[in-house]
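Remarks on the structure that follows.
The values are calculated or read from the model by the stated rules, or taken from the named source; none is laboratory data. No experiment lies behind these values; they were computed from the predicted model shown. Cβ coordinates were reconstructed from backbone atoms using ideal geometry, including for glycine residues, and neighbour counts include every protein chain displayed.
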Amino acid sequence: MKRWAFLAVSRDGAALAARCAKAVTPEIDAAVFTLEKYADETAAPFPGGKLSTFWAQAMADYDVLVCVMAAGIVVRGIAPYLKHKSVDPAVLVLDAKGQYVISLLSGHLGGANAAARLLAGRIGAAPVITTGTDVAGAIAVDTLAEQIGCTFTDFTAAKNVTAAILDRQKTAVVNEAGCDLSGVALPECLTLSENDGAKYRIVISERDDWELDPACEVQLIPRDIVLGIGCRKHTPADLIAGKIAALLKAHHIHPRALAVFATIGLKAHEQGLIAAAEQFGAAVEIVADDAIRKVQDRFDGSDFVERVTGLRGVSEPAGYTASHYGACVAPVVKGGGVTLSLWRRANSIKK
């Protein structure tokens, strides 16, 4: 669930912030903060008592900041804590009367544009969106990636191709991954044929061996790979990560395609496994023992593993289950106290 912080510095602003927070709950985890003199049961005082000392924490702890105050205050407040569009939270600004919801920062990757439209719709305000592709009725590379469940690593390439789309330059979409694009409104300059002489290309692929020119080409990577994993207790994170990287490389899978580490409850607090998942930006999913038992007979089991875990296997049955019984990309590999397998989600965007 997304975490939103509503910030206000006046009595009327605090009341509007509380109304906005109520309008987006319960689907949004909303918190309201204001000056101590305006705090009540609907709004907590700023930690430390001042907005100026709260900006750093707010930027780090929340996905969306909704600021009911002058835009200048917000710009000066957040400026020292800006890092990169890939990690900065969405920042919205509202006027004190609640007439406009301005998408100020992280419009695409951070979701500020979508958040502005959502909040404006709930409170009867007008969303103010200034990103070029939205105004021009085009689509940015990062927006396309989000809509089809992909990620990307080259922000310069994404910027260059987005600029080409905004300039209505012919851009080919090479959909090697078979993503479902039927629900995406593509501008006319985007073509699904790569053989029409387009200078610019968007390559949708989970492969790691594309050689692209960042001046005119960008790769979108579907995040649809599940890693089934088992390991000995206290296995170091670097050892785990190294074996995963080698397995991905052997099957030409881009590391960013890895979305989930699937394992059993016995490994839920295994620090090396958790740290390795963080290195790959993947979530850790714990598969229930009963779910493992339902499918473990499909795979080769181990008497030793059963003595230790009560289950015949970990990596393959966990990966298979967490992938919603998807296709095997790489059967189990064992070594160094680590067992790994790769699976593609059955309900993934790949055909």
Sort out which residues of the range 268-286 are within 19 Å of Pro317 (Cα to Cα) and either in contact with a Cys (Cβ under 9 Å, 6 or more places away or on another chain) or among the charged types (D, E, K, R) (or both), and write them in order of number.
Glu270, Leu273, Glu285
Thr156 vs. criteria of a type in the set (Ser, Thr, Tyr), in contact (Cβ under 8 Å) with a residue 24 or more places away in the chain and crowded, with 18+ Cβ neighbours inside 10 Å
no
Checked against (1) at pLDDT below 95; (2) buried (at least 22 other Cβ atoms within 10 Å of the Cβ), Val93 satisfies every condition except (1)
With the checklist (1) under 14 Å from Gly230 (Cα atoms); (2) out of contact with any Pro (no Cβ under 8 Å at 6 or more places or on another chain) in hand, flag the one item Ala330 doesn't pass.
(1)
Some residue of the range 331-348 being aromatic (Phe, Trp, Tyr), under 16 Å from Leu248 (Cα atoms), modelled with pLDDT of 95 or more and in a strand (DSSP E or B):
yes
Residues in the range 98-127 that are free of Cβ contacts under 8 Å to residues at least 40 places away in the same chain and more than 18 Å from the chain's Cα centre (by Cα) total 14
From the list Ala70, Ala30, Ala15, Ala43, exactly one residue is exposed (fewer than 15 other Cβ atoms within 10 Å of the Cβ) and either of a type in the set (Val, Ile, Thr) or assigned by TED's automatic domain parsing to the domain that holds Ile123 (or both). Which is it?
Ala70
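The rows are residues; the columns are (1) over 22 Å from Ala259 (Cα atoms); (2) touching a Leu at 6+ places or on another chain (Cβ under 7 Å); (3) not in a loop (DSSP other than H, G, I, E, B).
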| residue | (1), (2), (3) |
| --- | --- |
| Glu146 | no, no, yes |
| Thr153 | no, no, no |
| Val173 | yes, yes, yes |
| Glu176 | no, no, no |
| Leu181 | no, no, no |
| Ser193 | yes, no, no |
| Arg201 | yes, no, yes |
Among (1) touching a helix residue (DSSP H, G or I) at 6+ places or on another chain (Cβ under 9 Å); (2) outside any loop (DSSP other than H, G, I, E, B); (3) closer than 26 Å to Thr151 by Cα - the single one Arg256 does not satisfy
(1)
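Residues are listed down the side, and each one gets a yes or a no for (1) hydrophobic (A, V, I, L, M, F, W, C); (2) outside the structural domain of Asp154 (by TED's automatic domain parsing); (3) in a loop (DSSP other than H, G, I, E, B):
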| site | (1), (2), (3) |
| --- | --- |
| Glu278 | no, yes, no |
| Val284 | yes, yes, no |
| Gly301 | no, yes, yes |
| Val305 | yes, yes, no |
| Val308 | yes, yes, no |
| Arg312 | no, yes, yes |
| Gly319 | no, yes, no |
Conditions (1) among the small types (Gly, Ala, Ser); (2) part of a loop (DSSP other than H, G, I, E, B); (3) under 21 Å from Ser323 (Cα atoms): number failed by Ala215:
(3)
Considering only residues that are part of a loop (DSSP other than H, G, I, E, B) and in contact with a helix residue (DSSP H, G or I) (Cβ under 8 Å, 6 or more places away or on another chain), which ones fall in the range 98-110?
Gly98, Ser106, Gly107, His108, Leu109
Those residues of the range 202-242 that are surrounded by fewer than 15 Cβ atoms within 10 Å (Cβ to Cβ) and touching a Gly at 6+ places or on another chain (Cβ under 6 Å) come to a total of 1
Do you know which of the residues in the range 243-282 that are β-branched (Val, Ile, Thr) and under 22 Å from the mean Cα position of the chain (by Cα) is surrounded by the most Cβ atoms within 10 Å (Cβ to Cβ)?
Thr263
